[in-house]
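Novice: Let me begin by handing over the structure; questions about it come next.
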Amino acid sequence: MTRLGLMGGTFNPPHRGHLHAAQCAREDLRLDRVLFIPTNLPPHKKLPEGSATTAQRCEMVRLLTAGCGWAELSTVEVDRGGASYTVDTLRQLSAPDRELFLILGTDMLLTLDTGWREPEEICRLCTLAAYAREADEDALLAEKKASIEQKYGARICLIRHEPFPVSSTELRGGGDLDRLTTPAVAAYIRSHKLYGR
Ligand code: ATP
């Protein structure tokens, strides 16, 4: 059985927080590989003005993961086109010899049962691997874990994760590229003059 982690996001741009969370999940859950899956059109949020294109977001994810043998870009959602629903991605990636782990920050887990398409099916198709994005979120996360387990019979693992406080919003707003993302992504953003750099 391959233990496959899935890290979805808009990655506009990808940063060290994404990589760090995936790395924590990989270590805690002994994952063989983690796929970084940029959304095509995210159902939950509109990409703001001045965003990178889909091709650029994919390229930056490729650069972010290039150094790690265990992480890689998957264009499954971009190739499918249209709005990106996690349930469709899980259906597509399901295979008898694979166990899927959906890696999620608190912000995403909190909306799973209210905003996501077919949450019960999502919980049937994978194990949720959840981590706190901020230091004080543990209680909130534990409470949500219990409620989703009860509601859907979900399998949820809480990942030990020292928060790395950064968001793509911060980077788009002028945050320190050299500290908050990898050198390859920082160089790409500069050379393509993304986000007004
Ligand atoms: P934005 O600021 O544009 O909303 P974001 O930084 O939250 O973006 P996304 O691409 O939307 O990044 O996030 C993809 C996934 O990565 C989500 O599950 C989110 O919770 C998680 N994530 C984002 N930033 C961090 C971080 N600093 N540490 C851990 N996980 C993060």
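The values are calculated or read from the model by the stated rules, or taken from the named source; none is laboratory data. Just so it is clear, the structure is predicted and the values come from calculations on it, not from any experiment. Cβ sites come from the backbone with ideal geometry, for glycine too, and all protein chains shown count toward neighbours. Accessible surface areas use protein heavy atoms only, side chains included; no ligands, DNA or RNA. Shrake-Rupley method; radii C 1.70, N 1.55, O 1.52, S 1.80 Å.
Novice: Relative contact order, percent, of region 89-197 when contacts are C-alpha pairs under 8 Å separated by at least 6 residues?
Specialist: 22
Novice: Per residue, how large is the accessible surface of region 98-164? Use a 1.4 angstrom probe and give square angstrom.
Specialist: Solvent-accessible surface per residue comes out at 52 Å².
Novice: On to the next question. Could you give the angle, 0 to 90 degrees to the nearest 10, between helix 16-29's Cα long axis and the longest principal axis of the Cα atoms of the chain?
Specialist: Here the helix axis deviates by roughly 30 degrees.
Novice: Cβ neighbours within 10 Å, averaged per peptide: list 178-187, 45-54, 11-20, 140-149 in order, most packed at the top.
Specialist: Sorting 178-187, 45-54, 11-20, 140-149 by mean packing, highest first, produces 11-20, 178-187, 140-149, 45-54.
Novice: While we're looking at this one, here's another question. Between 0 and 90 degrees, rounded to the nearest ten: what's the tilt of helix 138-152 against the longest Cα principal axis of the chain?
Specialist: 50
Novice: Less than 28 Å apart at the alpha-carbon level, and either on another chain or at least 8 residues along: which lysines does that give for Lys151?
Specialist: Excluding near neighbours in sequence, the set is Lys45.
Novice: Would you please give the FRET efficiency between Thr114 and His192, computed as 1/(1 + (r/R0)^6) with r the Cβ-Cβ distance and R0 = 30 Å, to the nearest 0.05?
Specialist: Working: r = 36 Å, r/R0 = 1.21.
Approximately 0.25, to the nearest 0.05.
Novice: When the dipole is taken about the Cα centre of region 65-197, and only Lys, Arg (+1) and Asp, Glu (-1) are charged at their Cβ, what size is it in debye, to the nearest 20?
Specialist: Once rounded to the nearest 20, the dipole reads 380 debye.
Novice: Rounded to the nearest 500, what is the chain's calculated 222 nm mean residue ellipticity when only DSSP H runs of at least 4 contribute -39500 (n - 2.57) each, over all residues?
Specialist: That comes out to -12500 deg cm²/dmol.
Novice: Remind me, relative contact order of the chain in percent, using alpha carbon pairs under 8 angstrom and six or more residues apart?
Specialist: On the way: 318 pairs, mean separation 52.8, N = 197.
Taking the mean separation of contacting Cα pairs over the length of the chain, I get 27 percent.
Novice: Right, here's the next one. Against the longest alpha carbon principal axis of the chain, how many degrees, from 0 to 90 and to the nearest 10, is the axis of helix 106-115 turned?
Specialist: Tilt of helix 106-115: around 60 degrees.
Novice: Given a Förster radius of 25 Å and the C-beta distance between Thr169 and Asp28 as r, what FRET efficiency does 1/(1 + (r/R0)^6) yield to the nearest 0.05? Walk me through the numbers before you get to the answer.
Specialist: Working: r = 27 Å, r/R0 = 1.07.
Efficiency, rounded to the nearest 0.05: 0.40.
Novice: Tell me the trypsin sites (Lys or Arg not before Pro) within region 61-134 that lie in a loop according to DSSP and have at most 16 other beta-carbon atoms within 10 Å.
Specialist: Passing both the DSSP loop test and the Cβ count: Arg117.
Novice: Calculate what fraction, in whole %, of the accessible area of region 55-197 sits on carbon and sulfur atoms when a 1.4 Å probe is rolled over the protein chains.
Specialist: With neighbouring chains kept in place, the figure for region 55-197 is 50 percent.
Novice: For a quick check: with amide H placed at 1.01 Å from N, whose amide H comes under 5 Å from Ala71's, ignoring anything fewer than 5 positions away on the same chain?
Specialist: Close amide H contacts, sequence-distant or interchain: Val34.
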